[in-house]
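Trainee: My structure is below; once you've seen it, I'll send some questions.
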Amino acid sequence: MFLLFDIGGTNMRIAVSTDGQTISNSKIVPTPKEFDQGILDFKQVADELSKGEKIEGIAGGVAGPIDKEKTCLVKSPNIPGWINKPLKTELEKAFNCKVILENDTTVGGIGEAVAGAGKGSKIVAYIALGSGVGGKRVVDGKVPEDSFNFEPGHQIIVPFGDLCKCGGKGHMEPYVSGAYFEKKLGQKGENIIDQKIWDEITRYLAIGLVNATVFWTPDIIVLGGSVSKSIPLEKVNSYLKEFLTIYPTAPQVVLGALGHDAGFYGALELLK
């Protein structure tokens, strides 16, 4: 049996796979603010799902950049109590097996590229719009080696603009992520009905996707995360075509097909 996880800033999603190909069972619980409690909750849920069967391997992602050795979270505005804590080591001790740790968006991007909306495309740009904004470039089902994980949510799209949780100004994240909708607009993305607001959000998002396109040259852009479900996709594609003038055509922007399970399927791919 294999154990899969997706530790986000709000929730932890944990699943098991008996065959290494499909998801057998899963559960979502709130992410504790403190690391020690997080490990306890993780173990409790994993034991419940596995029903005492031996875990042969574990893989998954955590929200934020991880260290070069891929053992711990090094920065996170959403779960600061997890920063520099020995996540991989503690999981290996708790389950006595190999653990593969990655950034959560990396794992979700791999999942969508190999089993979801990006399946069949050589180069997939995956952008996750949730509490924050993450992203990854996936080529032939694999991610390039890099010192830190890509952080497209922290590209500057408005010089000296709105303050980001990381301390920077004008980043993409304050203009298109769920946490900032609640802060600035007082409501969740799914409750926003004013089309003028969505028009502004999609324009900022399209600017970020133009930048991702000229650096990553994707065949397709897949949007994941909770906020993506509320994004008016037709407008995003329209603005992208308008703003991207250097190429004859713009990559199609589509919604992810796997939802919350994207990270689980990416984790299964890592275990292979």
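The values are calculated or read from the model by the stated rules, or taken from the named source; none is laboratory data. Just so it is clear, the structure is predicted and the values come from calculations on it, not from any experiment. Glycine also receives a Cβ, built like all others from the backbone with ideal geometry; neighbour counts cover every protein chain displayed.
Trainee: Tell me whether the stretch 66-85 contains one or more residues that are touching a helix residue (DSSP H, G or I) at 6+ places or on another chain (Cβ under 6 Å), over 21 Å from residue 106 (Cα atoms), of a type in the set (Phe, Trp, Tyr) and in contact (Cβ under 8 Å) with a residue 24 or more places away in the chain.
Mentor: Looking through the stretch 66-85, none of the residues is touching a helix residue (DSSP H, G or I) at 6+ places or on another chain (Cβ under 6 Å), over 21 Å from residue 106 (Cα atoms), of a type in the set (Phe, Trp, Tyr) and in contact (Cβ under 8 Å) with a residue 24 or more places away in the chain.
Trainee: Let me ask you something else. Just to be sure before I move on: is residue 69 out of contact with any Ser or Thr (no Cβ under 7 Å at 6 or more places or on another chain), more than 25 Å from residue 175 (Cα to Cα) and assigned by TED's automatic domain parsing to the domain that holds residue 12 in the structure I sent?
Mentor: Yes; evaluated as a whole, the condition is true for this residue.
Trainee: Which of the residues spanning the stretch 44-90 are under 22 Å from residue 272 (Cα atoms), among the aliphatic types (A, V, I, L, M) and more than 20 Å from the chain's Cα centre (by Cα)?
Mentor: 46, 49, 55
Trainee: Take residues that are of a type in the set (A, V, I, L, M), modelled with pLDDT of 95 or more and surrounded by 17 or more Cβ atoms within 10 Å (Cβ to Cβ) and tell me which of the strands (runs of 3 or more DSSP E) falling wholly in the stretch 1-111 contain 1 or more.
Mentor: 2-7, 11-17, 57-62, 99-103
Trainee: Another one. Go through the stretch 240-272 and count every residue that is acidic (Asp, Glu) and either surrounded by fewer than 16 Cβ atoms within 10 Å (Cβ to Cβ) or at positive phi (or both). Full working, then the answer.
Mentor: Residues of the stretch 240-272 acidic (Asp, Glu): 242, 261, 269.
From what is left, the residues that are either surrounded by fewer than 16 Cβ atoms within 10 Å (Cβ to Cβ) or at positive phi (or both) are 242.
Going through the stretch 240-272 one residue at a time, the tally reaches 1.
Trainee: Here's another thing I want to ask about it. Being part of a strand (DSSP E or B) and surrounded by 15 or more Cβ atoms within 10 Å (Cβ to Cβ): is that true of residue 210 here? Steps first, please.
Mentor: Values: part of a strand (DSSP E or B): no; surrounded by 15 or more Cβ atoms within 10 Å (Cβ to Cβ): yes.
In short, no.
Trainee: Mind checking which pairs have a first residue in the stretch 204-219 that is in the same structural domain as residue 144 (by TED's automatic domain parsing) and aromatic (Phe, Trp, Tyr) and a second that is buried (at least 17 other Cβ atoms within 10 Å of the Cβ) and assigned to a helix (DSSP H, G or I), Cβ under 7 Å, 6 or more apart or different chains?
Mentor: Pairs found: 204/175; 204/176.
Trainee: Sticking with this structure for a sec: Can you pull out every residue in the stretch 238-259 that is within 12 Å of residue 223 (Cα to Cα) and outside any loop (DSSP other than H, G, I, E, B)? Reasoning before the result, please.
Mentor: Taking the stretch 238-259 and keeping what is within 12 Å of residue 223 (Cα to Cα), we get 252-259.
Passing the criteria: 252, 253, 254, 255, 259.
Trainee: Let me ask something additional. So, in the stretch 225-239, of the ones that are touching a strand residue (DSSP E or B) at 6+ places or on another chain (Cβ under 6 Å) and modelled with pLDDT of 95 or more, which residue ends up surrounded by the most Cβ atoms within 10 Å (Cβ to Cβ)?
Mentor: By that ranking, first place goes to 236.
Trainee: Pairs, please: C-beta under 6 Å, at least 6 apart or cross-chain, first residue closer than 12 Å to residue 262 by Cβ and touching a residue at least 12 places away in the same chain (Cβ under 8 Å) and in the stretch 3-19, second part of a strand (DSSP E or B) and among the basic types (Lys, Arg)?
Mentor: 6/13
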